[in-house]
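Only one structure is covered here, and it is reproduced in the block below.
The values are calculated or read from the model by the stated rules, or taken from the named source; none is laboratory data. Note that the coordinates shown come from a computational prediction; the quantities given were computed from them, not determined experimentally. A quick note on method: Cβ atoms are made from the backbone with ideal geometry, for glycine too, and the neighbour counts reach across all protein chains shown. Note: accessible area is taken over every heavy atom of the protein model, side chains too, but ligands, DNA and RNA are not part of it. Shrake-Rupley method; radii C 1.70, N 1.55, O 1.52, S 1.80 Å.
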Amino acid sequence: MSTKSSNKHNFPSLPSETIYEIFKHIQHEPTLFSCLFVNRAWCRKIVPILWARPKPPIYKERASRSLIETYVSCFDDEEKSILLTEEDLSQMDRLKSPLFEYAVFLKELNYPLLRLAVRNCYRNLGDKEFSKRIKPTKPEVEVNPNRQITIMKALCNLFMRMSRLESLVLDSYDDIPNVPLFTRGHCFSNLINLKIYWTNFASNMSNFIKKLPQICTGIRDLSIEFDLDGNIEAENIANIIKSQQSLNTFGLSGSHNQVIPILSALESQVESLTSIKFSRINYQWQSLDILGKCSNLKSLDIVSSLCPVSREVPDDSSIVANGSSFNLRTLKLLNQSPKLSAQLIRMGGSSLRSLSLNTVTSEIVSSILRSGTRITRLSLDISETPQLDFSQHLRIIGGLKILRYLHLTSSTPSDINNLLSAMITVLPNTLRHLNIEQEFSLRHLGTFLDSCKVPLEELTLFPNMSIDTGYLTEIIGYVKDKSSLKFLYLNLSWESGLVNKIFTKEIDDKVQKYLFTVDLDKLRGEEI
């Protein structure tokens, strides 16, 4: 590769530090890949970004094979001896020599994804002859999990020797190699992000989790899916929480009662926690009282599998929560008892800006209009609203006088259609963005837009159907006549096979790339 940049592209002459800053935030890998060929300086800056968090498409054997072969080509003598017998070491010559020590760049080790990549391609590494030489050799066996484990051991040895990880993802379904191998060196000394999926017993992962508090104390983001009925494992996770210097975000998903030690451990992080997410956990009110001590908590999500309308919040809840308050900016409560929701909203404080609910009662509405009047973003799942009575929903929408963003979703036909008709007269004049999801009709939406006097600027639609030419033509006909509308966003996740099965899909980075944007001002200009 030439050291001179090609003038025909008119690339600017920039310091290497500037080049790195420009591209380290770009996540579109094809764009980054093309930058490899500008010149050597750009190549040296792009390669560490591409190899910091490699995520090969799991359904493509070729991508998995390329990733694993590249890492195998970086093996030293110790890793080669793990992979091959002494008489077969010459087989390494079948692999191309690496241009870089790629393992040095690794920042995120997604162990289950790496394990899946090995599972996809272990029979064709290098070539079939090379793969057959990997220990233990059993040519007559079509599927050889022991050979896959050998490759994983050698890869882990490489990472422990050369990498300084910032992020680690573990899954008990794919247990790690022995703990001494997985904890050698200083691979985890810089760890700041840890995700654990713990759904079955995994002895090596269990021992690693037990040892982790002595290995790293700088974890800032911790996410745990804990569906294992084991108090010992819960205590080990609790010890991880207690040992961290400054835990910022915490997520816990699980359905067993053993989560109580984990929740109690959060008390050690009350000064640093800014975001907490609970999903499907069996909590007690006393456990939630810990949240009131989190003075810097800005975001709280509590989601249950089913709406526990019969769950009674104890009468002493107000005593338990006495003096507890938040300075929340974001609160999400799905399938929670009305009494609990109302209490948490009251505890949320006047700083609340974003609220998501799927249960609305007069008690909840009173709490919102008393404590949450500064809310600017509101998300309502109105599925299965009893008798299509939206009176309480209308009280919220009409009572939030500075509301700018409204998200409505429903899995039940006619819900959104009826609410659209009813809320025309109560919408605050500050509303600028309307997001409608799942079950609605374009005819009702068109009638709403024609009658709505609020100067909406953006409309997002995520229909529970494919978007064809007829659909697009009809919706364009409705929205272009609403002169205040500047942009129409159509969520194309349905066509991409990413249909949300729980009916509420938030517009995060992953979903954003499936939004199709229509610039309505430009469209109107082209018609003139």
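Seen from Ile134, the other residues with C-beta closer than 9 Å to its C-beta sum to a net charge of +3, counting Lys and Arg as +1 and Asp and Glu as -1.
Close amide H pairs (under 5 Å, H built 1.01 Å from N) link Leu300 with Ile276, Thr330, Leu331, Lys332, residues at least 5 positions away or on another chain.
Here each label is just a point 7 Å from Cα along the line to Cβ, and for Ile232 and Ser383 those points are 3.9 nm apart. Within the accessible area of segment 337-472, the carbon and sulfur atoms contribute 48%, probe 1.4 Å, all protein chains present.
Accessible area of Ile215 (1.4 Å probe, protein heavy atoms only, ligands and nucleic acids ignored): about 50 Å². Separation of segment 388-461 from segment 69-133 is 56 Å, based on Cα centroids. Over segment 163-289, what percent of the accessible surface lies on carbon and sulfur atoms, probe 1.4 Å? The C+S portion of the solvent-accessible surface of segment 163-289 is 44 percent.
Nearest 0.05, what FRET efficiency do Ser66 and Arg370 give at R0 = 51 Å with Cβ-Cβ as r?
Values: r = 59 Å, r/R0 = 1.15.
Working from the Cβ atoms, E equals 0.30.
For segment 176-229, what does the alpha-carbon gyration tensor say about shape, rounded, prolate or oblate, given a ≥ b ≥ c as the root eigenvalues, a/c under 1.5 as rounded, and a/b over b/c as prolate? Don't skip to the end; give the middle numbers.
On the way: a/c = 2.45, a/b = 1.21, b/c = 2.03.
Verdict is oblate for segment 176-229.
Protein heavy-atom accessible surface, 1.4 Å probe, per residue over segment 372-471: 40 Å².
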